[in-house]
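Beneath this line is the structure, given in structure tokens, with notes to follow.
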Amino acid sequence: MKLVKNICIAVFATSIAIPAFAENPLISGAFSADPSAHVFNGRVYVFPSHDIPAPAGSRNKKGFNMPDYHVYSSENLFDWTDHGVIVDQEKVPWVDGKSYSMWAPDCNCKNGKYYFYFPARQKEDGRNAIGVAIADKPEGPYVPQEKPIPGVNGIDPCIFIDDDGTPYLTWQAQGNALVVARLKDNMIELDSEIVTVNHNVPRNGLKEGPFMFKRNGKYYYSFPWCERQTECICYCMGDSPMGPFEYKGKIMEQNTDCWTNHHSVVEYKGQWYFFYHHNDYCREHDVNRSICAEYLTFNEDGTIRQIMPTQRGVGITPATSRIQIDRYSAIGDSNHVWVEYNRTEDPFAGWKTVFRNKDNYRRPIWIEYDRVDFGEKDLSAAIVHVFARVGGSGTIEVHADAVDGDLIARIPIVAKDEWQDASAAVLKQLKGVHNLFVTMPDGILMHVDWVQFK
């Protein structure tokens, strides 16, 4: 594993399965973008693209550099496993191995085989084409085909398989056009004419990254659209995977700070999820991105309720894990509690919550982290990883379900001018899932990294 430091940090490929623990972003330790999520064999698999800081020899010194693809999987949407590199630009026969142009991919399963679709720049003419790699398992190994799909030029493929087994490929073609075509049963050749999707949004602005899914007999065709400075995610609905479609509006408004967005939608264990990306680990620029997820809900007529990005994301966090309260659900007065990087020179070190009592502030100073599972066994201690300078001693309290809810633990903090694990006995035993409110009832200034129960 090689660590590369630029303005931001990236971890290059590894073939070893490594667990990643995260809320939003889902993956720490490496940049990931353009998430394509699918459910295979009872797990959620996400196939993203892989951003890295510009390496020596890259033609895109200030742009996107994407050399390969990983696949990640999870059963609980909290613990994510990196299964390593599945396709590398230097190991695909038709790809320019120094182009760093492996844009947004997708994957799906048919007849017991997994078909991974990816765009890249061709050796022969420098144009973007879409290729296929095939595997027997979702985590690979994948074998790239010798040539890209004939007649398919462009980027951002999405492979949709209908209930009757018919496969459809949609992508962004030349000229900013979103197109769709039926595939043959072999999954590597077109079986229809290429049809331009009638998305019914204004012609101006970039449209890319289409994703199609089906719910209650309706086909949803969604895509990023840069109408102003950054991309929002729009969608249409129709009665056929090749249209016509009726424009319905936005799923997610424009990103802040990150001009691109790219998404996918999946149903897992009865709940719908929306995957997307942001530049949380690299705020200096927006070409090193990280994947995130939110809950997706629908109105009675099948239209989608608009999503607001959050730090907390999705999934239930075990109380016995390190609960990263900086990935909060809600937060108090921003003059007295806020979030910042643990180490500005190393964004992958994560964030911390800063509690500050300013001007004799009398109201509670708090942050909320929801959906924590205390299980069915009693827990004995609460631990907080905290930094307080001399003169900043005080107390951290953890409450259940409200700022003034049941007091779970009261942890005295003795300032040491260094990070420490402070602990106290659990005062209230909880069972099942609860929301946590972490407060500073007394003290001047404290930095909290995480909370954990034993």
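Throughout, read-outs are computed from the coordinates displayed, never taken from laboratory work. The structure presented is a predicted model; accordingly, all values stated were derived computationally and were not measured. Virtual Cβ from ideal backbone geometry, glycine too; neighbours counted across all protein chains shown.
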message: Can you tell me the length gained on complete extension of the stretch Thr196 to Asp401, counting 0.36 nm per residue apart and subtracting the Cα distance?
response: 68.8 nm
task: Give the residue from Ala135, Ser222, Gln452 lying farthest towards the positive end of the charge dipole for the chain; charges sit on Cβ (+1 for Lys and Arg, -1 for Asp and Glu) and the dipole is referred to the Cα centre.
output: Gln452
- request: Can you find, among Thr303, Ala54, Val71, the residue farthest towards the positive end of the dipole of the chain? Put +1 on the C-beta of Lys and Arg, -1 on that of Asp and Glu.
  value: Ala54
- request: Rank these for me by crowding, Phe47, Phe64, going from fewest to most other beta carbons within 10 Å.
  value: Phe64, Phe47
Computed label-point distance, nm, for sites Glu124 and Phe40 using a 7 Å Cα→Cβ extension: 2.9 nm
task: Could you work out how far apart the two model spin labels at Gln271 and Arg362 are, taking each label as a point 7 Å from the Cα in the direction of the beta carbon, and quote it in nm?
output: 4.0 nm
statement: Magnitude of the Cβ-charge dipole (Lys and Arg +1, Asp and Glu -1) of the chain about the Cα centre, nearest 20 debye, reported as 560 debye
- prompt: For Cα extents along the principal axes in Å, which listed value, (1) 70, 53, 42; (2) 63, 59, 47; (3) 73, 44, 36, comes from the coordinates shown?
  reply: (1)
query: How high is the FRET efficiency between Ser334 and Glu253 when r is their beta carbon distance and R₀ equals 35 Å, given to the nearest 0.05?
result: 0.95
query: Can you list the lysines whose alpha carbon sits under 29 Å from that of Lys248, skipping same-chain ones fewer than 8 residues off?
result: Lys207, Lys214, Lys218, Lys269
query: In cubic angstrom, how much convex hull volume per residue do the alpha carbon atoms of the range 208-286 span?
result: 94 Å³
query: Taking neighbour counts of Cβ atoms within 10 Å as a proxy for exposure, in what order, fewest first, do Tyr328, Tyr295 appear?
result: Tyr295, Tyr328
query: Rounded to the nearest 0.05, what FRET efficiency is calculated for Val143 and Arg389 with R0 set to 45 Å and r the Cβ-Cβ distance?
result: 0.20
- prompt: If the cut-off is a Cα-Cα distance under 14 Å, which aspartates and glutamates reach Lys61, setting aside same-chain residues fewer than 8 apart in sequence?
  reply: Asp51, Asp286
message: Cut-off under 20 Å on the C-alpha distance; same-chain residues fewer than 8 positions from Lys123 excluded. Which aspartates and glutamates are left, in chain and number order?
response: Asp68, Asp88, Glu90, Asp96, Glu146, Asp156
task: Taking the Cα centre of the range 317-453 as origin, sum charge times position over the Cβ atoms of Lys and Arg (+1) and Asp and Glu (-1), and report the length of that vector in debye to the nearest 20.
output: 140 debye
- prompt: Which of the listed residues, Pro105, His399, Asn360, is farthest toward the dipole's positive end in the chain, when Lys, Arg count +1 and Asp, Glu count -1 at the beta-carbon?
  reply: Asn360
- prompt: Given +1 on the Cβ of Lys and Arg, -1 on the Cβ of Asp and Glu, and no further charges, what dipole in debye does the range 372-434 carry about its Cα centre, rounded to the nearest 20?
  reply: 160 debye
- prompt: Could you give the nm distance between label points at Asn76 and Asp88, where each point is 7 Å from its Cα heading toward the beta carbon?
  reply: 3.3 nm
message: Using Cα-Cα distances under 8 Å and only pairs 6 or more residues apart, what relative contact order does the chain have, in percent?
response: 11 percent
statement: By the Cα gyration tensor axes a ≥ b ≥ c (a/c under 1.5 gives rounded; else a/b larger than b/c gives prolate, otherwise oblate), the shape of the range 337-402 is oblate
